[in-house]
Amino acid sequence: MHPTTWERTVCRVCGAGGLARVLSLGEMPPANALRAPAELTNPEVRFPLALALCEACGMVQLGHVVSPELLFRSYLFVTSSSQRMSEHFSALMAAAVDEHVPASGGLVVEIGSNDGTGLSSIKRRDVRVLGVDPARNIAVLAAAREVPTIPEFFTEALAAEIVRTAGAASLVVACNVLGHIDDLHDVCRGIRTLLAPRGALVFEVPYLQDLVDLSAYDAIYHEHLSYFAVRPLVKLLNENGLRLERVEFFPVHGGTLRGTAVHGRGCAPAVEAVLSKELETGLARRATFDAMATRVEDHRRGLRTALTELRERRIKIAGYGAPAKGTVVLNHCGLGVDLLPFVVDSTPAKQGLHVPGTHQLIRPPSVLADEKPDVLLLLAWNHAGEIREREAAFLARGGRFLLPHSPASWCEPPAQSASR
Ligand code: JHZ
Ligand code: ZN
């Protein structure tokens, strides 16, 4: 039996004790634990959700770890739910194969390969592909795309097994997955084991600086154990024989850092420049997060007030998207079905289920034509551009999207997420 939750008392990068608790969102249900109608009256699990800062190395992390068996074995988020994100990952794969895989072919391994969206985009090239993802239900979707997938957690032991059976990898890709893994050193050792001598790791993580700048507290949930700045990343990679060769920034998911690492030590001069900037902005300072906590509290009050006013004016409102981040906003702001009666989401597996904690029914976006809400709270705000395009009919009849931001504001075109 695996324990359900445990407390982390030392930093997962440098091992220092005395982590400083910097921002608490109270007790929160796991963000993707959507509830079947028949379960709604059962007691609901909630776990503490708070950020802890390691002042020794600058790593920001959750103070509590919820068992990965509970969070990831059956998973509802599918990468292909966003056309723009699918294009983003296809472009990443194409560029990374061009740069790192020899013309004679090679092995590409993706950690956290989800439904195989990324790997399937390079299948026609002269490469062998292999996905690793613990979500057994989603491995079935990857199989339908003919992407071979090991339905397990990536570990050093699994990496050794892959090398034994399939050879070393020219390219390892890991997008939005490093933050989900408690034992980062084991994963990095595994990547080093797996990479061919001239191979490269290309990874993406939500960038901590963007999270702070946008006060995007809805990226904080139990799946996200780590919130990466570049400084602790360099330390983590270096200690495991990997050199951070390049960092790039993209506006997707509210601000994403893409890193490229190879065998070696240290980091490239361009990466040093980012380290200096992080020092300047005080990204590893307690005061940075204390200020963010104040903004988050303003946000909570502002959004509640905005929704209460809309209700008083009898303006019909619903939520758009049932992303993990939506669960955080709805629960933290205490937005129950009295203020937000239902949400819509395009993911078939989410439809008919309810948001954890606040219990909105998740319905298909097609119901908007009949329900005719006046305002949609854009919980999936990171997909604003794509959603505005898809919901042109709602906009054409005067509907408006409200952003759950600090302070709550209208989402007017051009709808772009933050960019560095
Ligand atoms: P979205 C995900 O978080 C998952 P989430 C994960 N935890 C992670 O690390 C981060 O990304 C980075 C729906 N939708 O992408 C589909 C529409 O209904 O913001 C999704 O349910 N219509 C691994 O869960 C949700 O919105 C649309 O047109 O916060 C978006 O979820 C589009 C584009 C999406 O991820
Ligand atoms: Zn540390």
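The values are calculated or read from the model by the stated rules, or taken from the named source; none is laboratory data. All values reported here derive from a predicted model rather than from experimental measurement. All Cβ positions, even for glycine, are placed from backbone atoms using ideal geometry, and neighbour counts span all protein chains on display. Surface areas here come from the heavy atoms of the whole protein model, side chains and all, with no ligands, DNA or RNA. Shrake-Rupley method; radii C 1.70, N 1.55, O 1.52, S 1.80 Å.
Things worth noting here:
- Residue check for VAL97: modelled with pLDDT of 95 or more, open to solvent by less than 50 Å² (accessible area, probe 1.4 Å), at negative phi and assigned to a helix (DSSP H, G or I): yes
- Selected residue [at negative phi, part of a helix (DSSP H, G or I) and of a type in the set (Phe, Trp, Tyr)] from PHE289, PHE249: PHE289
- Taking the conditions (1) in contact with a Phe, Trp or Tyr (Cβ under 8 Å, 6 or more places away or on another chain); (2) within 16 Å of ligand 2 (Cβ to nearest atom); (3) of a type in the set (Asp, Glu) in turn, GLU27 satisfies each one other than (2).
- Boolean, ARG136 is among the basic types (Lys, Arg), within 25 Å of VAL78 (Cα to Cα) and touching a Leu at 6+ places or on another chain (Cβ under 6 Å): no
- Top-ranked residue in segment 11-38 [being in a loop (DSSP other than H, G, I, E, B) and within 16 Å of ligand 1 (Cβ to nearest atom); ranked as most open to solvent (accessible area, probe 1.4 Å)]: ALA33
- Some residue of segment 58-66 being assigned to a strand (DSSP E or B), open to solvent by 20 Å² or more (accessible area, probe 1.4 Å), in contact with a Ser or Thr (Cβ under 9 Å, 6 or more places away or on another chain) and more than 15 Å from ligand 1 (Cβ to nearest atom): yes
- If the condition is being assigned to a helix (DSSP H, G or I) and either modelled with pLDDT under 95 or open to solvent by 10 Å² or more (accessible area, probe 1.4 Å) (or both), then segment 105-123 contributes THR117, SER120.
- Evaluation of LEU92 against (1) away from ligand 1 (no atom under 15 Å from the Cβ); (2) touching a Lys or Arg at 6+ places or on another chain (Cβ under 9 Å); (3) at pLDDT 95 or above (one fails), failing number: (1)
- PRO197 vs. criteria open to solvent by 10 Å² or more (accessible area, probe 1.4 Å), within 11 Å of ligand 1 (Cβ to nearest atom) and assigned to a strand (DSSP E or B): no
- Any hit, segment 2-10, residues being within 16 Å of ligand 2 (Cβ to nearest atom), closer than 26 Å to VAL212 by Cα and buried (at least 20 other Cβ atoms within 10 Å of the Cβ): no
- Residue within segment 301-322 that is farther than 24 Å from PHE47 by Cβ, in contact with a Ser or Thr (Cβ under 6 Å, 6 or more places away or on another chain) and not basic (Lys, Arg) present: no
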